[in-house]
Amino acid sequence: MKITDVKTWVVGNPPPHFGGAYFLFVKLTTDNGIEGFGEVYAATFSPHVVAQMVEDVAQRHVVGMDPFRIETMWRNVYGRGYSMRPELSLIGVLSGLEMACWDIVGKAVDKPVHELLGGRVHERLRSYTYIYPEDGDRTDVYADPDLSAERAAKYVKQGFTAVKFDPAGPFSAFDPRQPSLERLELSERFVKRLREAVGTKADLLFGTHGQFTTSGAIRLAKKLEPYDPLWFEEPVPPEMPEEMAKVARATSIPVAAGERLATKYEFARVLQTGAASILQMALGRVGGLLEAKKIAGMAEAHYASIAPHLYCGPIEGAANAQLAACSPNFLILESIQTWGGFHAEILKKPMRWEEGFVIPSDEPGLGVELDEAVAEAHPYTDEALHLEMRDFPADFA
């Protein structure tokens, strides 16, 4: 069996854009007609440029290869152009192609991917959601602790046992910075009100985006500790895990990190320094399924948990679920609410979510199929990147 063709879609995610403005999907086809789908999480260039990157990498390294030879393909792409380092955009491209190969392999042997990566150890996967705005909100849910508390209580009634929120302020290309007193106070009010609203029925996941200096993150953590959040996410930028480790040692809140990291090599530094005890690999960026499984194994040896990150589409979400299902140290899975809306529409059969849990699919491969007609009907025509940072320093206001 050989891979004979590659196709990409840059799909516009309709309002309210939960999961991002667009999704980049890839399909590989073999000479015996098996199709495998993957998703690329590459935010540093226009998605149309990244789609061309996928085509280029696939034509040079993937078309003509046996899809079972995933390790060989991975090393050849990783070393492409004398790189041999975690180059974020290249590894994102590699992730989507690797994911599609696993989808093909699973279909070829009529097994879900989790059965090929060690077998299922979790029958259902605990999930969490961000606190999202809704039509008719009286104010900004991200700035209003009372409205966020109401929304959190609503999610708990749906079955969620954890909610994530990030009231600490905007992120900027000029970070890290010290948090303002106003943001310290607002962050504390958020966790206080949410804890009052959900009690012990749900964990609180405090999100930041590497905005703060080491000392600033420690100041913020001290404000949050009385309310016992499950994690403090990426408190400082990801480039210096040694600094993040100082935060981890200074707080009782577990530190979570990893959405901006790629490959086992970057995660090894996180574990070696003690920077985080909860690893949030994004399957469309980290290097794919097998690379994520290796990272999960390293984490297991350090008594660290995995909580796959998702700010993407449902193909990456399905890959996250396959990894989580076969990882003993799985903690919790990010969901986009209950996997409805466009995340369901773009698939022929939606992800299965029941009372706070994702149910891993037993169908061959990743367990989901892209609805190509829906993908074709929603092309992304804007110019914005997947995420945009402020290009000026964030002020106190």
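The values are calculated or read from the model by the stated rules, or taken from the named source; none is laboratory data. Keep in mind that what you see is a predicted model, and the values were worked out from it rather than measured. Heads up, the Cβs are rebuilt from the backbone with ideal geometry, glycines too, and the neighbour counts pull from every protein chain shown.
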Considering each residue of the range 104-136, count those that are more than 15 Å from P167 (Cβ to Cβ) and in contact with a Lys or Arg (Cβ under 9 Å, 6 or more places away or on another chain), and give that number. 8
Yes/no for F206 being in a helix (DSSP H, G or I) and buried (at least 19 other Cβ atoms within 10 Å of the Cβ): no
I need every pair where a residue in the range 90-108 that is within 23 Å of L261 (Cα to Cα) has its Cβ under 9 Å from the Cβ of a residue that is of a type in the set (D, E) and part of a helix (DSSP H, G or I), sequence separation at least 6 or different chains. I91/E291; V93/D56; L94/E291; S95/E291; S95/E316; G96/E316; E98/E291; M99/E316
Within the range 282-331, residues buried (at least 22 other Cβ atoms within 10 Å of the Cβ), within 9 Å of the chain's Cα centre (by Cα), part of a loop (DSSP other than H, G, I, E, B) and in contact (Cβ under 8 Å) with a residue 40 or more places away in the chain come out as A282, L283, G284, R285, A307, H309, L310, C312
Is there a residue being modelled with pLDDT of 95 or more, more than 29 Å from R85 (Cα to Cα), among the acidic types (D, E) and part of a helix (DSSP H, G or I) anywhere in the range 222-231? yes
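Say whether the condition of being hydroxyl-bearing (S, T, Y) and under 19 Å from G159 (Cα atoms) is met by at least one residue in the range 326-338. Working first, answer last.
Here is the first cut: in the range 326-338, the ones hydroxyl-bearing (S, T, Y) are 327, 335, 338.
Subsequent filtering for residues that are under 19 Å from G159 (Cα atoms) retains 335, 338.
Within the range 326-338 (the criterion being hydroxyl-bearing (S, T, Y) and under 19 Å from G159 (Cα atoms)), the answer is yes, since at least one residue qualifies.
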What number of residues in the range 17-40 are part of a strand (DSSP E or B) and not hydroxyl-bearing (S, T, Y)? 12
